[in-house]
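First comes the structure, then the notes that go with it.
The values are calculated or read from the model by the stated rules, or taken from the named source; none is laboratory data. Keep in mind it's a predicted model, so treat the numbers as computed, not measured. Every residue, glycine as well, gets a Cβ built from its backbone with ideal geometry; the counts of neighbours run over all protein chains shown.
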Amino acid sequence: MLETGQAPPLTSGPRKPVNPLLRRKPVEQMVAEGGQGEGGNLRRSLTMWQLTMISIGATLGTGIFVVLGEAAPKAGPAVTISFVIAGLTALFSALSYAELAGSVPVSGSSYSYSYVTMGEFIAWICGWCLVLEYAVSVSAVAVGWGQYLNELLDGTIGVTLPEKLSAAPLGEGGWINLPSLVVVLLAMVFLLRGAKESARINTIMVVVKIVTLVLFIGIGVMGIKSGNYAPLAPLGVTGISAAASTLFFSYIGFDAASTAGEEAKNPKKDLPRAIMLSLGIVTVLYCLVAFVAVGALPWKDFEGTEAALAQIMTNVTGDSFWGVVLAAGAVVAIASVVFAVLYGQTRILFAMSRDGLVPKIFAKVDAKTGAPRANVVIVSLFCGALAAFIPLGELANATSIGTLFAFALVNIAVVILRRTKPDMPRTFKVALFPVTPILGFLACGYMMYSLPVATWVAFGVWMAVGLVVYFLYGIRRSRLATAEVATAEK
């Protein structure tokens, strides 16, 4: 058994220099280091139910409460088909995630899976994509939360926040999106209490959001008009594909359970179950809500609104009370997405920090709460700043491309690990291997291709910054690098 932090022993005989970009972390070492941070350890306290709630919490709400207003004008009534396509794309990758989460149950998610299969450089790229995915996702969802908060305030006390305090200065003419900043800071306060307490709060919020969506389906179905479904695809297949690419953003989060690998009680069994169960529940609810929504409101009327479901509830019942109820549910629902995704981001940075690729402060664990408190504060302030000053649309697209790239790597990783460690114990195996991960990789590539050029440019800039950070900092401070130097000096 390797001591914590040690690289695998070198074999006798002439030493062959290892390309630092290709050095891989042994699976056994990765698992053995699980939970160990600077000054304290993460605590194994999460059950399968709580892990499922983390994934649902990170996923459910985003596409329905926020991005549906952007996707419906692209696909028309066929937006339900777009949800199905995005869900199938997510499913291929979810199967790969489930296998790897059960085999390598650590906090780093796809970053860690890449480290043990493709080497440090690819792992860094994946981790950098995850920073984009999670941090920007938190910010984008927080922006949508502000829209529903205004709906709720208007429906209850007849007051809305002035635009200068509820809109980003970049492209929206405001001073600061204050509600978005506030919800991120509230999530930060809860996360500072530790994983167990955070999971309890998250479970309550997830139950509220599921009940809210079921209520919408029950009331919204009474307002369906068959004419709203014709023509089904007014903008053709291109529109459906474009909407699916945007809606993939709404499935981001099913992998959140994999970031809790070092805080789960029984990670090898519970992580795969939580990932698959959460994706199934979310997909069913998304499709039902989308079908009812476009049936109750003409697809062109979704343009420019990020609070469409509350409007539908009011239109169908003729009573603003139900719109207020929906808005209240959305406020809780979207807050839980912010909360769960922020949790995932902190755990990924925790794993990267433990490997030496980002500063040690991100792996510092509070001995009393078992939470990486400094990590939580830094990430929350960063995400809060993004939410306060950048518009939603660009954030959503940037999140999608980072996620798709990371998912593509996970599909490659599961193939590599099957080839390099065929006898490794696996509590879950991808069906129809290797067809499923190959399809997952191709689907991710297609979805990335469908994204606009501006998103690719932003992604390229982000990756360029990441490469600079890695070659100036990570490559020299990597714990594998320092272990190799120590071994060579003996």
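The sole residue among THR259, THR212, THR156 that is farther than 22 Å from LEU88 by Cβ, assigned to a helix (DSSP H, G or I), among the hydroxyl-bearing types (Ser, Thr, Tyr) and at pLDDT below 80 is THR156.
Scanning segment 366-410 for residues that are modelled with pLDDT of 80 or more, part of a loop (DSSP other than H, G, I, E, B) and surrounded by fewer than 24 Cβ atoms within 10 Å (Cβ to Cβ) yields ASP366, ALA367, LYS368, THR369, GLY370. Within segment 352-359, the presence of a residue that is closer than 21 Å to VAL143 by Cβ and among the hydroxyl-bearing types (Ser, Thr, Tyr) is excluded.
Let's see how each residue does on (1) in contact with a helix residue (DSSP H, G or I) (Cβ under 7 Å, 6 or more places away or on another chain); (2) more than 17 Å from GLY69 (Cβ to Cβ):
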| position | (1), (2) |
| --- | --- |
| ALA274 | yes, yes |
| SER278 | yes, yes |
| PHE291 | yes, no |
| PRO298 | yes, no |
| ASP301 | no, no |
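Of everything in segment 293-332 that is touching a Gly at 6+ places or on another chain (Cβ under 6 Å) and among the β-branched types (Val, Ile, Thr), the residue that is nearest to LEU149 (Cα to Cα) is VAL324.
The set of residues from segment 262-285 being assigned to a helix (DSSP H, G or I) and buried (at least 24 other Cβ atoms within 10 Å of the Cβ) comprises PRO267, ASP270, LEU271, PRO272, ALA274, ILE275, SER278, LEU279, VAL282.
Here's the yes/no breakdown for (1) among the polar types (S, T, N, Q); (2) at pLDDT below 90; (3) under 23 Å from TRP124 (Cβ atoms); (4) not in a helix (DSSP H, G or I):
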site	(1), (2), (3), (4)
PRO437	no, no, yes, no
LEU442	no, no, no, no
GLY445	no, yes, yes, no
TYR449	no, yes, no, no
ALA454	no, yes, no, no
ALA458	no, yes, yes, no
TRP462	no, yes, yes, no
VAL468	no, no, yes, no
LEU472	no, no, yes, no
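For the residues LEU165, LEU153, the requirement of being of a type outside the set (Gly, Ala, Ser), in contact with a strand residue (DSSP E or B) (Cβ under 9 Å, 6 or more places away or on another chain) and surrounded by fewer than 24 Cβ atoms within 10 Å (Cβ to Cβ) singles out LEU165. Selection of first residues in segment 188-206 that are within 25 Å of ALA385 (Cβ to Cβ) and touching a residue at least 24 places away in the same chain (Cβ under 8 Å) and of second residues that are among the basic types (Lys, Arg) and not in a loop (DSSP other than H, G, I, E, B), restricted to Cβ pairs under 7 Å at least 6 apart or on distinct chains, gives the following pairs, ordered by first then second residue: LEU192/ARG373. Output the residues belonging to segment 302-352 that are at pLDDT below 85 and among the charged types (D, E, K, R). GLU303, GLU306, ASP319 - these are the residues of segment 302-352 that are at pLDDT below 85 and among the charged types (D, E, K, R).
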